[in-house]
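The values are calculated or read from the model by the stated rules, or taken from the named source; none is laboratory data. From a predicted model like this one, the values you see are computed outputs, not experimental measurements. Cβ coordinates were reconstructed from backbone atoms using ideal geometry, including for glycine residues, and neighbour counts include every protein chain displayed.
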Amino acid sequence: MKVALFFTYGISVDDWNNTGLISREIAIYERMHLKNGYEFNFITYGDENDLNKINAKGIKVYPIYTRMKYSKNRYVRVVKSLAIPFIFRDVLRESSILKTNQLKGSWVAILSKIIFKKSLIIRTGYDALKWSKFENRGMVHTFFITLLTKASLSLSDQYNVTTLSDKEFLSKKFNVQDKIKVRPNYINQKIFNDFNKERIDELLFVGRLEEQKNIRFLIDEYKYHQLPKLHIIGEGFYKDELQYEITQNNLNINLIGKVPNQDLPNFYNKYKFFILSSKYEGNPKTLLEAMSSGSVVIGSSVEGIDTIIENNHNGFLINSQKGDLESIFKLIDNGQVDLTAMKQNAINYINQNHSLENLTKMELMDYDRLLSIKG
């Protein structure tokens, strides 16, 4: 059986490669091929550069710009995307199930479902409608995201979200229940595990250097408090400002830059603590990876984090207010918390809720159910 996976609109395998995400993104598909022999057709927004980036059995890559001409005009590109189902009709006809990687671009999958009468799973890693409001994207953007969400919920056979809060939000807003399934992000525990090595009593942050990640909070904490050294992996809008602040204020921060996902376990296992002080999250993979690797995690008490971290049980929750990090390390220095138990509780949480093995089984059951309904 073959499954067609539509990449997020505008994203290519080359993008995955440049951000070091290929191994993480394809792990579940490799696993399903190994377990059940399923084959996957990746329809990407790349060109010839996509063709040699994935060397995994059971996966074939079909970049759209090998069959249509790329336009520099973004509006023309959106219109041209409507032709994808026709240009790739050979690929879609042989696929039994259609699936998206995110909501963005789901119109291509919906159109393909209508034309070829295939079962469709819309997968979302975060709820774009809620994030549109978090980010104050404006009425026009929110209007179109609302329409796309409504159409995707209506026309898909299954709509996957990563958190219960996303399901409850969408169920209430659009009066849809059974079609929405909670499918959290998975962690490959063979890669992200505790090496049982002695660690440095320092902090690690992994993520995009953007407003959402609340980089300003970290800068201010290190300006006004004596804290263990912070190592930052990532790039983004705030990179130059962060480097300026580090230099100007002699902050105890080391900006590492970009690191491939497969190399992150070495960093998680090098430093004892991990921090994610975001303003909001979906189901953050870096936090889950850090927990799986045995890091003592610190996270902001916001949606997407406070449902993962149970304060003083499998990590620490903070309000991202001045002095919060200093307070956490005073507790630790005074021996008021059992870090060994906290670390094991975090690993147990990943075992129970985010293992690649369990989520692979869940996805395979989803496929079987949809195929049986299709009959």
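Points to keep in mind about this one:
- In segment 1-38, the residues that are over 16 Å from ALA56 (Cα atoms), in contact with a Ser or Thr (Cβ under 7 Å, 6 or more places away or on another chain) and outside any loop (DSSP other than H, G, I, E, B): PHE6
- Among all positions in segment 200-209, there is at least one residue which is surrounded by 14 or more Cβ atoms within 10 Å (Cβ to Cβ), touching a residue at least 40 places away in the same chain (Cβ under 8 Å), closer than 30 Å to TYR159 by Cβ and under 27 Å from the mean Cα position of the chain (by Cα).
- Residue in segment 208-216 that is within 24 Å of GLU326 (Cβ to Cβ) and in a loop (DSSP other than H, G, I, E, B) present: yes
- Every condition in (1) more than 15 Å from ASN283 (Cβ to Cβ); (2) polar (S, T, N, Q); (3) at pLDDT 95 or above is met by ASN196 except one, and the failing one is (3).
- Check on PHE169, at pLDDT below 95 and farther than 15 Å from THR8 by Cβ: yes
- Near pairs, Cβ below 6 angstrom, 6+ apart or cross-chain, from segment 3-18 (in the same structural domain as LYS99 (by TED's automatic domain parsing) and at pLDDT 95 or above) to any residue that is assigned to a helix (DSSP H, G or I) and among the small types (Gly, Ala, Ser): PHE6/ALA109
- Residue count for segment 300-316 satisfying the condition of being closer than 13 Å to ALA346 by Cβ and either assigned to a strand (DSSP E or B) or touching a residue at least 60 places away in the same chain (Cβ under 8 Å) (or both): 3.
- Of all residues making up segment 26-44, the number that are under 20 Å from ARG123 (Cα atoms) and either out of contact with any helix residue (DSSP H, G or I) (no Cβ under 9 Å at 6 or more places or on another chain) or free of Cβ contacts under 8 Å to residues at least 40 places away in the same chain (or both): 8
- Of the candidates GLU25, GLU94, GLU48, the single residue that is under 23 Å from the mean Cα position of the chain (by Cα) and either of a type in the set (A, V, I, L, M, F, W, C) or over 22 Å from SER154 (Cβ atoms) (or both) is GLU25.
- Figure legend. Inter-residue proximity from segment 79-99: first residues assigned by TED's automatic domain parsing to the domain that holds ASN41 and modelled with pLDDT of 95 or more, second residues of a type in the set (Asp, Glu) and in a helix (DSSP H, G or I), beta-carbon distance below 9 Å, spacing 6+ or different chains. Indicated pairs: ILE97/ASP366.
- In the set (1) closer than 24 Å to SER372 by Cα; (2) of a type in the set (Lys, Arg); (3) part of a loop (DSSP other than H, G, I, E, B), the condition left unmet by LYS181 is number (3).
- Segments classed as strands (runs of 3 or more DSSP E), wholly inside segment 44-132, with at least 3 members that are surrounded by 16 or more Cβ atoms within 10 Å (Cβ to Cβ) and not β-branched (Val, Ile, Thr): 119-123
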